[in-house]
Amino acid sequence: MGQGPYPLHGGAAEPLHAGVAGTGADAARGHGTDPETDTIGYRGPTACAAAGITYRQLDYWARTGLVEPSVRPAYGSGTQRLYSFRDVVVLKIVKRFLDTGVALQNIRAAVQHLRARGFSDLERMTLMSDGATVYECSSPDEVVDLLQGGQGVFGIAVGVVWRDVEAALSQLHGERVDTGETLVRHNPSDELARRRRDRAV
């Protein structure tokens, strides 16, 4: 960024339409999206397992607009929320911030900021917090500047969270948005079992 650590105050990040990632205002800015976001969704229990949160937390965050499912919101009691991969990354980041005592207002500002960024930006980003303010750092120098200033006692490398979520979801069930088909992503043993079943039929 070249501007030093970027503080994410409440209202500093431009609010986006609730629950929309990679579309609308986001797309108008030319930010990239992951094509899988549009084709694969994860139900609540799967999102919870990958993010390390309880279903009660997930439900509360969705109802209060902190992290809403961008693939499919709940339309009454008969429908299942579907979360995108990016949503699950954000859920895990929120959990880490809450665990370290960051104020919910600052977490909301950080979530809005994350939703406004493209996928390539997220993987390079480090979020730092001194407990009162959340800062975005896009280079090691910015992290050092923040630490030398006596700020930033806690950091989250978004790319590391990204890979953790990717590894967790690779072992869990996803759902094709277009057909509703249940699938397990990138799981070699599961693929082998499927092929054996197909041969046995």
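The values are calculated or read from the model by the stated rules, or taken from the named source; none is laboratory data. This structure is a prediction, so every number in the text was calculated from the model and none was measured. Please note: Cβ atoms are built from the backbone with ideal geometry, for glycine as well, and neighbour counts cover all protein chains shown. Note: accessible area is taken over every heavy atom of the protein model, side chains too, but ligands, DNA and RNA are not part of it. Shrake-Rupley method; radii C 1.70, N 1.55, O 1.52, S 1.80 Å.
For region 25-67, what are the residues that are open to solvent by 50 Å² or more (accessible area, probe 1.4 Å), modelled with pLDDT of 65 or more and not basic (Lys, Arg)? Hits for region 25-67 are 39, 45, 49, 54, 55, 57, 60, 64. Considering only region 68-79, how many residues are among the polar types (S, T, N, Q) and either open to solvent by less than 40 Å² (accessible area, probe 1.4 Å) or in contact (Cβ under 8 Å) with a residue 40 or more places away in the chain (or both)? Count: 1. Taken together, the residues in region 100-142 that are buried (at least 16 other Cβ atoms within 10 Å of the Cβ), assigned to a helix (DSSP H, G or I) and touching a residue at least 60 places away in the same chain (Cβ under 8 Å) amount to 10.
Residues checked against (1) under 27 Å from residue 138 (Cβ atoms); (2) among the basic types (Lys, Arg):
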position: 81; (1), (2): no, yes
position: 88; (1), (2): yes, no
position: 94; (1), (2): yes, no
position: 98; (1), (2): yes, no
position: 108; (1), (2): yes, yes
position: 112; (1), (2): yes, no
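Only a single criterion out of (1) in a loop (DSSP other than H, G, I, E, B); (2) within 15 Å of the chain's Cα centre (by Cα); (3) over 22 Å from residue 183 (Cβ atoms) is not satisfied by residue 70, namely (3). Whether any residue in region 80-89 is open to solvent by less than 40 Å² (accessible area, probe 1.4 Å), in contact (Cβ under 8 Å) with a residue 40 or more places away in the chain and part of a loop (DSSP other than H, G, I, E, B) is what I want to check. The answer is yes, given that some residue of region 80-89 is open to solvent by less than 40 Å² (accessible area, probe 1.4 Å), in contact (Cβ under 8 Å) with a residue 40 or more places away in the chain and part of a loop (DSSP other than H, G, I, E, B).
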